[in-house]
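Worksheet for the structure shown next.
The values are calculated or read from the model by the stated rules, or taken from the named source; none is laboratory data. Keep in mind it's a predicted model, so treat the numbers as computed, not measured. Here the Cβ positions follow ideal geometry from the backbone for every residue, glycine too, while neighbour counts run over all protein chains shown. Ligands, DNA and RNA are stripped out before the accessible areas are found, and what is left, the full protein with its side chains, is counted by its heavy atoms. Shrake-Rupley method; radii C 1.70, N 1.55, O 1.52, S 1.80 Å.
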Amino acid sequence: MQMYINGLWCDAADGETIAVINPATEEILDTVPSATVADVERAIASSKRAFADWRKLPARERCDYLKQMSQKLETHRAEFEELLTREQGKALAEHREELDICLNTIDYYAQLIKNGIGKVIPADNETAFNFVMREPYGPTACIIPFNYPLLLLFWKIAPALAAGNTVIVKPSEKTPLATLKLAVEVLAHFPPGVINIVTGYGDKIGDALTTHPEVPTIAFTGSTAVGQHIIRATAHQVKNLHLELGGKDAAVIAEDMDPALAARAIATSSMWNAGQICTSTERVFVAESLYPQFLEELVAVVAALRLGDGLDPDTDVGPMCDASGFDKVERHIADAQAKGARILVGGRRSSQHDSGYFFEPTVIADAIPDMLCMQEETFGPTVAVAPYRDIEQAIDLVNATSYGLGAVFMGHNPRQIRQFFVNVKAGTVWINDPLPDNVAGPFGGMKHSGSHSRELGEEGLFSFMETKHVHWDFDPAARAINWFDKS
Ligand code: NAD
C-alpha cells in the first residue's frame, strides 16, 4: 500500500518500503512506504494549509464529518477486524471489541463538541465582559503503538479533529495496514490535509515529526523510553505533549474474594492480547490465606488457554506481535527463576507452532519485588504472583514501581476498597472487573506512565484545545481607567 498525504496516495521519497508480517504465520502481508524526513515535511505543510479552514468550521459541521466517519467504519468493520487480526495477532473477538470502542469514541466526541466548551466568568466592572474560550492548537502529530492500532488512533484523532485540529498520523511500523485502509474506506470525505497518514520507522522520521516547529501538539502512545526521548527532543520548544506511556499494573485479591472467579478475571486481564496491553495485569498480590488456592485455580485456567492464529474461532490467545518481544519475556522469566520464583505453567516459546511468534501463557509464582518481572514492563503473556500479609502491605507492593497506569482490586470489604482507591497511585482503578474502557472516563497514567494528561472523557477533548481568557471592555472611556492619565 502507499501512504496518504494531502488526500493523495504516494510512495516514500527514496522509494524505501517496510514489510508488514502476519505474526501468526510470519508471511509478508504487504509493504508500506518507509517515509523520509521530506515526506514528513510535506505532510506537515499539508496539515498546516488544511488547518486554516478546518479550524473555522462550525462545530456542527465537524460533528457531521465525524458521524460520517463512524458510519463508514461501521459499514466496513468486519474487514477491519480481519485485517487487524492478520497484522496485529490478537484474537478476532478482541478486534471486534476494539472496533466497538473506536465507534463509541467517535460518536462520543462528535456529540461532545456540540456542547458548551468555554465559560463566561464574572467581570470586575460593569463595562467589561470576561470569558474563557478553548481553541485548537494546529497540526497534531498522532503517534500510535502496535497493540491497539485503531483504538488508540481514534482516541486521538476523534477529539483532535472535533476540536478543530488537523492530524498527521504515524502508525506503528508493525501495524500500518488497517490505518491506511481507513484512508480508503473511511476518511476520503475529509478535505485534503485534514488527516495525513505517514508510515515509517520512529528512529528515521520520529524527530522530524515531533520537533517540527509547525507541530505544536504531540499525542503519543508508546513506551516510556520513547516518551522520555520526545520530552528531551522537544524540551526547548515547550510543546503540548500528550504522552501515554508504559505500565506495570498490579491486582490485589482480597481474602473475601472467590478464588475461582478471581483466577478467571486475572487470567483474562493478563493474557488478553498476549499480555501486550499497557494495562495488562502483570503483578498479582493475593491474601496469604487464599494464595495456594488462587494459584491452583489460576494455573488451571491459564493451562487451558488455546494458543493459535487469531482468526481461528477457537483461539483464546494469539501470537505476540513481533519476535522482538520474546527477548524481554525470556529475560524476565530467567531472572525470576534465578531469584527463586517457580514457573507453574508455560515459560517458553510454543513448540506446537512451526511458525508465528507464539509464547506459552506463563504463571510465575512466589515473585519478589526486586525481580525484573516485578519492576519492568514485560509486555508478554506472563503474570507474576505473590502473597501479601495485610491491605497496607498490598498497597505498598502495588505502588512499588515507577509506573502508575492502572490497578485492580478484587474483594468486597468497603473499608479495604476505599483504602485501595485512595492510596494507590494509578490513573484508573478497577474494582472487581479488570480493564473495561468507558469513553466518558478519562484514561491515562500517573508517575512514569504518562505526561499527566488524559485520553477519553471531556479531559480527552481539552487535551487538544488551548485555553484563552478574554477580557473585553466595551466602553473604556466611560470609566476612569488609570492609564498614566495625569490630567
Ligand atoms: P514504541 O514506543 O516502541 O513505539 C510507539 C510508536 O512510536 C511507534 O509508532 C514507533 O514507530 C514510534 N516511535 C519510535 N521511536 C520514535 C521516536 N524517536 N520519535 C517518535 N516516534 C517514535 O511502543 P510499542 O512497542 O509500539 O508499544 C508498546 C508500548 O506502548 C508499551 O510500553 C505500552 O505500555 C505502551 N502503551 C501505552 C498505552 C497507554 O495508554 N498508556 C497504551 C498502549 C500501549
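Worth a mention:
- Residue pairs exceeding 22 angstrom between C-alpha atoms, taken from LYS67/LYS156; LYS90/LYS248; LYS339/LYS447; LYS48/LYS170; LYS56/LYS468; LYS174/LYS339: LYS339/LYS447; LYS174/LYS339.
- Per residue, the solvent-accessible area of region 249-431 (1.4 Å probe, heavy atoms of protein chains only, all protein chains present) comes to 39 Å².
- Within the full protein context, the accessible area of LYS468 is estimated at about 90 Å² for a probe radius of 1.4 Å.
- The chain - percent of accessible surface contributed by carbon and sulfur, probe 1.4 Å: 52
- When every Cα-Cα distance of region 249-431 is counted in 5 angstrom steps from zero, the calculated P(r) takes the values 1, 9, 19, 22, 21, 15, 8, 4, 1, 0, 0 percent.
- Computed from phi, the 3J(HN,Hα) profile of region 413-427 under the Karplus parametrisation 6.51, -1.76, 1.60 (θ = phi - 60°) reads 6, x, 5, 5, 4, 5, 4, 5, 6, 6, 9, 7, 8, 7, x Hz, with x in place of Gly and Pro.
- At R0 = 35 Å, FRET efficiency that the Cβ-Cβ distance of ASP485 and ARG55 yields, to 0.05: 0.35
- Taking chymotrypsin sites (Phe, Trp or Tyr not before Pro) across region 383-487, the ones in a DSSP loop with at most 12 further Cβ atoms lying within 10 angstrom of their Cβ are PHE474, TRP483, PHE484.
- In this view, the solvent-accessible surface of VAL226, computed with a 1.4 Å probe and all protein chains in place, comes to about 70 Å².
- Under a 5 Å amide H cut-off, with hydrogens placed 1.01 Å from N, GLY380 pairs with nothing among residues at least 5 apart or on other chains.
- Across all Cα atoms of the chain, the radius of gyration (one decimal) and Dmax (whole number) stand at 24.3, 93 Å.
- In region 123-189, GluC sites (Glu not before Pro) in a DSSP loop with at most 16 other beta-carbon atoms within 10 Å: GLU126
- Placing pseudo-labels 7 Å out from each Cα toward the beta carbon at ALA323 and ALA300 gives an inter-label distance of 3.9 nm.
- VAL345 long-range amide H proximity, modeled H, under 5 Å: VAL363
- Loop-located GluC sites (Glu not before Pro) across region 372-425 with a Cβ neighbour count of 15 or fewer within 10 Å are lacking, with loop assigned by DSSP.
- Nonlocal amide H pairs with VAL286, under 5 Å, H built at 1.01 Å: ILE253, ALA386, TYR388
- Dipole axis of the chain (+1 Lys, Arg; -1 Asp, Glu on Cβ), positive-most option in ILE364, VAL302, VAL398: VAL398
- Percent of C-alpha pairs per 5 Å bin in region 1-123, short distances first: 2, 9, 12, 13, 16, 18, 15, 8, 4, 2, 1, 1, 0, 0.
- With all protein chains modelled, accessible area of MET1 [1.4 Å, Å²]: 70
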